Amino acid sequence: MFITFEGGEGTGKSTQALILAEWLKKQSINAVLTREPGGSPGAEIIRNLLVTGSVDRWSVMSEVLLMYAARADHWENTIKFALQQGSWVLCDRFADSTVAYQGYGRGVNKEFLELLYQNIVGTTKPDLTFVFDLDVKEGLKRANARMEGETIVEGRFEAMDIDFHQRIRDGFLEIAKEDSSRCVVIDANSHPEEIHQRIVKILYERGVLS
Ligand code: TMP
């Protein structure tokens with residue numbers, strides 16, 4: 001079972017991925033909790049290049065290729081292996097983030113992104129994707145509050161302008177609409193425990209758990 005958690009900044013998806021991983025463990029289900037960019041030693045090095053520094057550090061194409069360089073390493077060394085072992089994989093961001101951020105956000109051609117996906121990941125798609133949706137200003141407020149006091153600030157994307165973040169929110173909703181059998185939109189404006197209960201309910205409703 002391959003489940004991805006997607007959404008804009010400060011939507012609480014990382015928290016929910018963690019809560020679900022702990023809940024699954026209590027049900028004796030082995031789940032690998034991982035993230036993108038990152039999730040393998042090589043990809044974590046690339047993550048650092050992508051999420052720190054100035055907004056204009058990378059051209060959009062460099063950014064796409066770095067995201068996919070990280071994804072290739074993560075896919076080969078973490079996700080593919082875990083799925084082959086029969087483990088569940090909970091991934092905090094995956095390829096929908098590239099379509100939302102670099103595609104809808106920065107204007108990269110969607111067919112080109114699809115081609116990268118096919119050549120690097122192949123035909124495997126997540127079985128289920130939770131798309132966390134939240135007002136952009138509220139999300140950025142939460143994300144910026146979280147970064148306060150951090151020594152290494154992973155704030156490169158958070159520092160991009162509000163219109164960029166609005167395009168990302170709209171992009172994620174569009175992705176969810178186009179692939180409604182895979183994606184479920186989660187209203188992120190609720191208490192974390194309430195959202196967790198919704199997620200568990202969806203897993204039962206979809207027959208992922210019985
Ligand atoms: P995080 O803050 O959720 O850990 O993600 C790091 C940043 O990377 C986040 O601002 C979104 C961005 N990102 C992309 O722009 N494209 C991608 O493909 C991925 C996976 C993340």
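Only the coordinates and a few stated rules stand behind these numbers; no lab work does. Model, not experiment: these values are computed from the prediction. Cβ coordinates were reconstructed from backbone atoms using ideal geometry, including for glycine residues, and neighbour counts include every protein chain displayed.
Tell me, what is the percent relative contact order of the range 106-210, built from C-alpha pairs under 8 Å that lie six or more residues apart?
Contact order relative to length: 36 percent.
Taking a Cβ cut-off of under 15 Å around residue 110, the surrounding Lys, Arg, Asp and Glu residues balance to a net charge of -4, with basic ones at +1 and acidic ones at -1. Restricting the calculation to Cα atoms, the range 134-203 yields a radius of gyration followed by a Dmax of 14.5, 41 Å. Ellipsoid fit via the Cα gyration tensor, the range 1-56: semi-axes of 26, 14, 8 Å, each the root of five times an eigenvalue, largest first. Using the eigenvalues of the Cα gyration tensor, what equivalent ellipsoid semi-axes result for the range 36-88 when each is taken as the square root of five times the eigenvalue, whole Å, largest first? Values for the range 36-88, descending: 25, 10, 7 Å. Placing a label point 7 Å from the Cα of residue 55 along the Cα-to-Cβ line, the residues of the range 162-177 whose backbone N sits under 11 Å from it are 162-165. The slack in the chain from residue 202 to residue 80, taken as 0.36 nm per residue of separation less the alpha-carbon distance, amounts to 41.5 nm. Taking other C-beta atoms within 10 angstrom as a stand-in for reagent exposure, 191, 165 fall in the order 191, 165, fewest first. Think of it as helices only: each DSSP H run of n ≥ 4 in the chain is worth -39500 (n - 2.57), and spread over all residues that comes to -15000 deg cm²/dmol at 222 nm. Using C-alpha pairs under 8 Å with a sequence gap of at least 6, the mean separation divided by the residue count of the chain gives a relative contact order of 33 percent.
For the range 2-205, the Kirkwood estimate of the hydrodynamic radius, built from every pair of different alpha carbons, is 17.2 Å.
Between residue 189 and residue 115, what length comes free when the chain is fully extended (0.36 nm per residue of separation minus the Cα-Cα distance, one decimal in nm)?
Gain in length upon complete extension: 23.2 nm.
Calculate the length of the line joining the C-alpha centroid of the range 1-47 to that of the range 119-174, in whole Å. About 14 Å separates the Cα centre of the range 1-47 from the one of the range 119-174. If the chain linking residue 154 and residue 137 were pulled fully straight, counting 0.36 nm for each residue of separation and taking away their Cα-Cα distance, it would gain 4.3 nm.
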